[in-house]
Amino acid sequence: MANRFSQIKVLIWDFDGTFYKPNAALWQDVRQAEYQTIMNHTGWSKKKTVIEFEDTHKHKFGSATQVAAFLSRISIVEAAVEMENYFDRRKYVQRDEKLIALFAKLKNFRHFTLANGVIEKHKQTLAVLGINPEIFEEMVTSETVGVTKPNPKGFEYILDKTKLAPSAHLMIGDREAIDLVPAKQLGMKTCLVWSDEKSEIADATLSSVYEVSSLFLQNPQNPGM
Ligand SMILES: [Mg+2]
């Protein structure tokens, strides 16, 4: 039986919550950074900021960075850069031998990252994890395309770079609505990681990121859910 991922040539990686397990303490720091950015530009109280943020996030934009940009009346890139001043994801990660081994196994693929955040900070975090940023042909953020996921622009940008059929790309991420839905809509294959519950929309669900290489085995022992 042909492996359902045998057409894949390009792996597109989300960053936060994908290269390392989603971490409640970090998400809390990120959310506080979004609030702080909004407060800087509006002069609102924390309480009003939280209410406005929640309302806009729920009804207008799936991307929290976009919410911060909208409420602050600044661009998404400006919001992404400003937010990064208020948290440091390196606090929550360490050298990861399993991740290093995973990328060694996946060395014959082309790799991109497509993430919300700032490229320089992602590179610094990869250094802590023990991953060489040069593995990636390009690290794509709102600095590259002006908008954050789930906007399809970043996905389209990568398709334009690789010149390959969408079905030759596998998007790997920890959030269905942000990472996987837009990829799937463009015809990419999708993989949800760090989930114990089978995804209804992804082509594969894995309980950790370390199993991504198992998707490409000829006779997978553990082909994912
Ligand atoms: Mg993520």
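For an R0 of 22 angstrom, estimate the FRET efficiency from the Cβ-Cβ distance between V50 and K123 and round to the nearest 0.05.
Working: r = 32 Å, r/R0 = 1.44.
For R0 = 22 Å, the calculated efficiency reads 0.10.
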Per residue of the stretch 124-139, in order, report the coupling 6.51 cos²θ - 1.76 cosθ + 1.60 (Karplus, θ = phi - 60°) as ³J(HN,Hα) in whole Hz, putting x for Gly and Pro. 5, 6, 4, 4, 5, 5, x, 9, 6, x, 5, 4, 8, 4, 7, 9
Which of these, Y35, Y92, Y210, has the largest mean-square fluctuation under a Gaussian network model of the chain (Cα springs below 10 Å)? Y92
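Taking the Cα centre as origin and putting +1 on Lys and Arg beta-carbons and -1 on Asp and Glu beta-carbons, what dipole magnitude results for the stretch 24-89, to the nearest 20 debye? Before the final figure, lay out the partial values.
On the way: 8 positive and 9 negative charges, 52 e Å.
In total the dipole reaches around 240 debye.
When ranked by the protection proxy of mean other Cβ atoms within 10 Å per residue, highest first, what sequence do the peptides 107-118, 140-151 form?
Details: 107-118: 19.8, 140-151: 21.6.
Averaged packing, sorted descending, gives the order 140-151, 107-118.
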List the residues, sorted by chain then number, that are 5 or more residues from A202 or on another chain and whose placed amide H is less than 5 Å from its amide H. none
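Could you tell me what fraction of 2.2 N^0.38 Å the Cα radius of gyration of the stretch 35-122 comes to, as a two-decimal ratio?
On the way: Rg = 16.8 Å, N = 88, 2.2 N^0.38 = 12.1 Å.
Scaled against compact globular proteins, the figure is 1.40.
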Using just the alpha carbons, could you tell me how many Å³ per residue the convex hull of the chain encloses? 117
Hey, in the GNM for the chain with a 10 angstrom Cα cutoff, which one of A104, A204, A183 fluctuates hardest? A104
Residues with amide H under 5 Å from that of E138, placed H, sequence gap 5 or more: T113
For the stretch 199-214, 3J(HN,Hα) per residue [Karplus equation, 6.51 cos²θ - 1.76 cosθ + 1.60, θ = phi - 60°, Hz, x = Gly/Pro]: 6, 7, 10, 7, 6, 8, 10, 10, 7, 8, 6, 5, 8, 4, 5, 5
Could you please state, rounded to a whole Å, how far the C-alpha centre of the stretch 2-55 is from the C-alpha centre of the stretch 130-178? 16
For the chain, with a Gaussian network of springs between Cα atoms less than 10 Å apart, report the residue from D203, D29, D16 with the top mean-square fluctuation. D29
Over the chain, what is the mean sequence separation of C-alpha contacts under 8 Å (at least six apart), divided by residue count, expressed as relative contact order in percent? 24
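Values in this text are rule-based calculations from the coordinates and carry no lab data. For clarity, every value in this text was computed on a predicted model and none was experimentally measured. Cβ: placed from backbone, ideal geometry, glycine included. Neighbour counts: every protein chain shown.
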